[in-house]
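Asks: If you scroll down you'll find the structure; I have some questions about it.
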Amino acid sequence: MYKRVLLKLSGEALQGKEKNFDPLVLKNLAKQVKEIHDLGVQVAIVVGGGNFIRGKTVAEIGIDRVQGDYMGMLATIINALAIQSALEREGVVTRVQTSIEMPKVAEPFIQRRAVHHLEKGIVVIFGGGTGSPFFSTDTTAALRASEISADVILMAKNGVDGVYSADPKKDPNAVKYDHLTYMDLLNQGLQVMDSTATSMCMDNDIELLVFNMNEDGSIVKAVQGTVQGTVINKNSD
Ligand code: UDP
């Protein structure tokens, strides 16, 4: 079992059947985070913002890309606050730390303080991405996981239970991988996360576990090593 995990949630993973976020999805997420927290696992969370806005998408309708990226980063802070509220309703003590300072709603990101919170059993939610445009929240997850020395990034996907050779929804011959290296991802162009995030995980020797967030109890199973997902690391064995 892992001691310190970084859970990466995409914005879409919070959506469920609703437009922005689904209270039932948030509740289920909070219950699972509480369960792993009660097992003694230190939990940090990085959340995306794709359920509201993505810089690249709004650039297509004429919004400046950098502005759009800041809008996306603000969206991740909205999600971080929603997750905080859901966790606190389950009785879990949390802190939100943002990379874009917003002192009225959250703490600024301070690495040493984040680690201190985790050591005290406080769940830390990182909002605001890296704080810089042209990056993604997958890269944020790689960066924060390195900064807090997480044992693993738990990458909760929305409806896909791991990494496949092709899109399993379109190609019936798609094969699921149990294990891959970061070099495999880069060489084969497998769509797990962007290449900046992949390189950062590879260079900092971070393990990644990709699994389906929609499977019952999957976050708990991921921590216990019993989830059916794909493990990605530096080693080929
Ligand atoms: N973003 C950014 N810098 C970062 C993280 C995010 O500019 O460090 C912006 C970017 O526009 C991105 C949006 O925030 O599209 C939402 O993040 P992401 O697409 O990673 O969210 P997810 O797909 O995980 O929901």
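The values are calculated or read from the model by the stated rules, or taken from the named source; none is laboratory data. Remember, it's a predicted structure, so these values are computed and weren't measured experimentally. FYI the Cβ positions are ideal-geometry reconstructions off the backbone, even for glycines, and counts take in every protein chain you see. The protein model used for the area step is the full one, side chains on, heavy atoms only, and it has no ligands, DNA or RNA in it. Shrake-Rupley method; radii C 1.70, N 1.55, O 1.52, S 1.80 Å.
Asks: Evaluate the following for ASP178: is it closer than 16 Å to LYS157 by Cα and not polar (S, T, N, Q)?
Replies: yes
Asks: Kindly list, by first and then second residue, each pair from a residue in the range 49-63 that is more than 16 Å from ALA13 (Cβ to Cβ) and among the small types (Gly, Ala, Ser) to a residue that is within 7 Å of the ligand (Cβ to nearest atom) and open to solvent by less than 60 Å² (accessible area, probe 1.4 Å), limited to pairs with Cβ atoms under 9 Å and residues at least 6 apart or on different chains.
Replies: Pairs that qualify, where the first residue is more than 16 Å from ALA13 (Cβ to Cβ) and among the small types (Gly, Ala, Ser) and the partner is within 7 Å of the ligand (Cβ to nearest atom) and open to solvent by less than 60 Å² (accessible area, probe 1.4 Å), are GLY55/GLY68; GLY55/ASP69; GLY55/GLY72; GLY55/MET73; GLY55/PRO133; ALA59/GLY68; ALA59/ASP69.
Asks: Of everything in the range 21-35, what is in contact (Cβ under 8 Å) with a residue 40 or more places away in the chain and assigned to a loop (DSSP other than H, G, I, E, B)? Give them in sequence order.
Replies: PHE21 - this is the single residue of the range 21-35 that is in contact (Cβ under 8 Å) with a residue 40 or more places away in the chain and assigned to a loop (DSSP other than H, G, I, E, B).
Asks: Which fully enclosed strands (runs of 3 or more DSSP E) of the range 36-129 have 3 or more residues being away from the ligand (no atom under 15 Å from the Cβ) and surrounded by 21 or more Cβ atoms within 10 Å (Cβ to Cβ)? Before you say what the answer is, go through the steps one by one.
Replies: Details: elements: 42-47, 94-98, 123-127.
By residue number, 42-47.
Asks: Follow-up question, since we're still on this one. Given the criteria of a type in the set (S, T, N, Q), more than 16 Å from the ligand (Cβ to nearest atom) and either at pLDDT 95 or above or within 18 Å of the chain's Cα centre (by Cα) (or both), does SER149 qualify? Reasoning before the result, please.
Replies: Numbers: of a type in the set (S, T, N, Q): yes; more than 16 Å from the ligand (Cβ to nearest atom): yes; either at pLDDT 95 or above or within 18 Å of the chain's Cα centre (by Cα) (or both): yes.
Spelling it out, SER149 is indeed of a type in the set (S, T, N, Q), more than 16 Å from the ligand (Cβ to nearest atom) and either at pLDDT 95 or above or within 18 Å of the chain's Cα centre (by Cα) (or both).
Asks: Please go through the range 130-149 and pick out each residue that is open to solvent by 10 Å² or more (accessible area, probe 1.4 Å) and not charged (D, E, K, R).
Replies: Within the range 130-149, THR130, GLY131, SER132, PRO133, PHE134, PHE135, SER136, THR137, LEU143, SER146, SER149 qualify.
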